[in-house]
Structure formats: C-alpha cells, structure tokens
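Below is one structure, written out as structure tokens, with a few remarks after it.
The values are calculated or read from the model by the stated rules, or taken from the named source; none is laboratory data. Everything quoted here is computed from the prediction, not taken from an experiment. When we count neighbours, we look across all protein chains shown, and the Cβ atoms used for this are built from the backbone with ideal geometry, even at glycine. Only protein heavy atoms, including side chains, enter the accessible area calculation; ligands, DNA and RNA are left aside. Shrake-Rupley method; radii C 1.70, N 1.55, O 1.52, S 1.80 Å.
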Amino acid sequence: MRSLLPLALAAAISLAACGNQQQSASAPAGAGAATPAATAQAEATITGTVGSDQAVALGANAQLTVRLLDVTKTDGEPIVVTEQTYAVTQLPSEFSLAYDPARIEGFRAFAVDARVMEQGAARFVSTARVPVLTQGAGERVAIQLAAGVTQVVRDPVADLVKEYTDFESRLGGFKRYTGDRIVGPENNQVAIGWDAFGDDDGIRMVRERTSNADGVPLSSSQYAFRDGKPWVFTREAGGSKIRIGWDKDGQVILKLRDGMPGEVSDAEIADLTKAGREAGEIATASRR
C-alpha cells in the first residue's frame, strides 16, 4: 500500500494557502500592522504645566484651552496647529496636547499658549507664548498665567442714558416739523406748541410746551422714540421734572425725579406715556 503521508502534507499546504488568500481578500485595503513611524505619530504629545503666581481653586465649569501655534512669521496672527480644551478645577494643573509630527518642520518656530475660561470670561491668560519642539525647544513646557480681563457686566440704564444723550446731540441733523393746537374744555383750555424731528424711520422726537389761556407756561415735555416705540419721555411741571425710559423689550428701566433715581408712580408713567403717544401720532400725521 502506498504511504498517505505525502498526500496529507500536500493537502495541508493547499489549505494553508487558501486560508491566507481568504484572509487577504477580507482585509480592508491598506490595513496591516501599524508601522513604528505611525505609532510615533499617534503618540506625539507636548506635556507641561499651567500655573499662576499662587495656587488657585477654580469653579466647576472652568475650562483650560492649550494651543500649539506656528509663530514663524513675526508679523500678523500665528497659525493654530492644534488646540485642546480640558475641564480644570485648580491651578497649577498638568496638560497633555497631542499633535501631528508631520506638520512640524525644523526650520519653523512653534510655541504654546493657554487660557482659562470661567463663566464666559477669560479668568487667566498666558503671560507669553512658550517656545516648543524646534530650534532647541523641547516637548515639555511650563506656561505661566496671569489674571485675565474680567467680563464687564453692562448697566442697561447707563447704556440707555448714554445713547439718549448722544441722540439729543444729533437732533440738528433731523428734519424739523412744527405745529400747535388747543385742548381742553372751553373754560379751561390749554395751548400746546410743539416741534418734532424725524428721519426715514419716522418721528424720533417731539417737544411740547403748554400754557394756559393767559399765556402762562404750565409744562414742557420731550418724547423720544426708537423703532417707532416709546424710548425716553420727560416732563417738567410745577418745579419738578420726571423722566422715564424703556429698554428694547418695552420694559421701563429708567425712572428719574429731578435728575436723581427715584420713585415715579404708575399713574405718572401711564399719563406721560399716553401724552407721548398722542404727541407722536400728531407729529407723524403732520408729515403726510
């Protein structure tokens, strides 16, 4: 009987070859073991610390952002090569920033900077950009931070007053309209003389002066409008002056009595608002 060993060996070799072909066919194009170079690229990192003059505890929502910058060109803004943001609770703190070595060329200059953001404001910022990676600099750095600019909380009342003051200074550039009318019952009539200022958006300001039948001045009022809505209304009468102002949402945020913050009653606000709206309507009609 002829030995079966050569046939068995031949079959085993054939099966092994088929297995290799199937494995090669099922693998994605370009797949294979990572080369040492690829591994090095994946693991390339800059490490270091960020700190300030003293240890600082940060809020729960504080975030640290570290950037790798190409600073070869000394004029203009640097090129951001990569950046990463971390949650951070205190300073000093460690960081690790991954980067692609393929983007690092020895003749170029690189640096890192950092900032800590808290509640939308820059709590700490770098005092300087720290050289890294090329031209004798290494991959580990220490970044010094200093207190950043605190976010300014705007005062809507102060903004309104400033904007209105600027508006008043520009009244001479608006088109002016004038008129007068008599109001009130026959035995208690009041004369109202007025002028108004407008632009393409409509009437922006109406000024009224009232007097009695004998010509004695009773009051003077100013009604300023923004986007066709009440903005700042003022009335001076009986030795007292009140001013009210609205924000863009239509809420009264300014209440002044004799130039000082003070209580202006709801009745006074309602009366002044009604008078101002009527004055605006009359001035608007005069333009047609």
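What ranking, highest mean first, results for peptides 59-68, 264-273 when packing means the other Cβ atoms within 10 Å averaged over each residue?
Details: 59-68: 16.6, 264-273: 13.1.
Sorting 59-68, 264-273 by mean packing, highest first, produces 59-68, 264-273.
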Tabulate in residue order the Karplus-calculated ³J(HN,Hα) for the range 128-143, using 6.51 cos²θ - 1.76 cosθ + 1.60 with θ = phi - 60°, rounded to whole Hz; enter x for Gly and Pro.
6, 7, 9, x, 7, 6, 10, 6, x, 8, x, 9, 10, 9, 10, 9
Compare the Cα positions of Thr127, Thr178, Leu160 along the charge dipole of the range 76-181 (+1 at Cβ of Lys, Arg; -1 at Cβ of Asp, Glu; about the Cα centre) and return the one farthest towards the positive end.
Thr178
Long-range HN-HN contacts of Leu58 with modeled amide H, under 5 Å:
Gln90, Leu91
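Quick one: dipole size for the range 51-143, taken about the Cα centre, charges +1 on Lys/Arg Cβ and -1 on Asp/Glu Cβ, in debye to the nearest 20. Before the final figure, lay out each step's value.
Working: 8 positive and 11 negative charges, 8 e Å.
Computed about the Cα centre, the dipole is about 40 debye.
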Amide H within-cut-off set for Met205, under 5 Å, with H built and near neighbours excluded
Phe197, Phe225
Provide the solvent-accessible area of Tyr86, counting protein heavy atoms only and rolling a 1.4 Å probe, rounded to the nearest 10 Å².
50
Relative contact order (%) - criterion: Cα under 8 Å, at least six apart; region: the range 155-288:
16
Select from Ala213, Val232, Ile244 the residue farthest towards the positive end of the dipole of the range 203-288; place +1 on Cβ of Lys and Arg, -1 on Cβ of Asp and Glu, and compute about the Cα centre.
Val232
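Counting heavy atoms of the protein chains only and a 1.4 Å probe, report the per residue accessible area for the range 170-278 as a whole number of Å². Kindly include the intermediate steps, with their values, before the conclusion.
Values: 6350 Å² over 109 residues.
So the range 170-278 comes to 58 Å² accessible per residue, rounded to a whole number.
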Accessible area of Ser93 in the full protein assembly, 1.4 Å probe (Å², nearest 10):
30
Magnitude of the charge dipole, the range 130-219, Cβ model with Lys/Arg +1 and Asp/Glu -1, debye to 20:
280
When the Karplus curve 6.51 cos²θ - 1.76 cosθ + 1.60 is applied with θ = phi - 60°, which whole-Hz ³J(HN,Hα) does each residue of the range 176-184 get, with x for Gly and Pro?
9, 10, 9, x, 8, 7, 10, 10, x
Can you give the accessible area of Glu236, probe radius 1.4 Å, in Å² rounded to 10?
90
Sequence ranges 277-283, 229-235, ranked by mean other-Cβ count within 10 angstrom, highest first:
229-235, 277-283
Value of relative contact order over the range 74-135, rounded to a whole percent, pairs C-alpha under 8 Å and six or more apart
28
Whichever aspartates and glutamates have a C-alpha closer than 15 Å to that of Lys248, once near sequence neighbours (fewer than 8 apart) are set aside:
Asp155, Asp159, Glu163, Asp227
Taking θ = phi - 60°, what integer Hz values does the Karplus form 6.51 cos²θ - 1.76 cosθ + 1.60 yield along the range 76-91, in sequence order, with x for Gly and Pro?
x, 6, x, 8, 7, 7, 7, 8, 8, 10, 10, 6, 9, 10, 7, 10
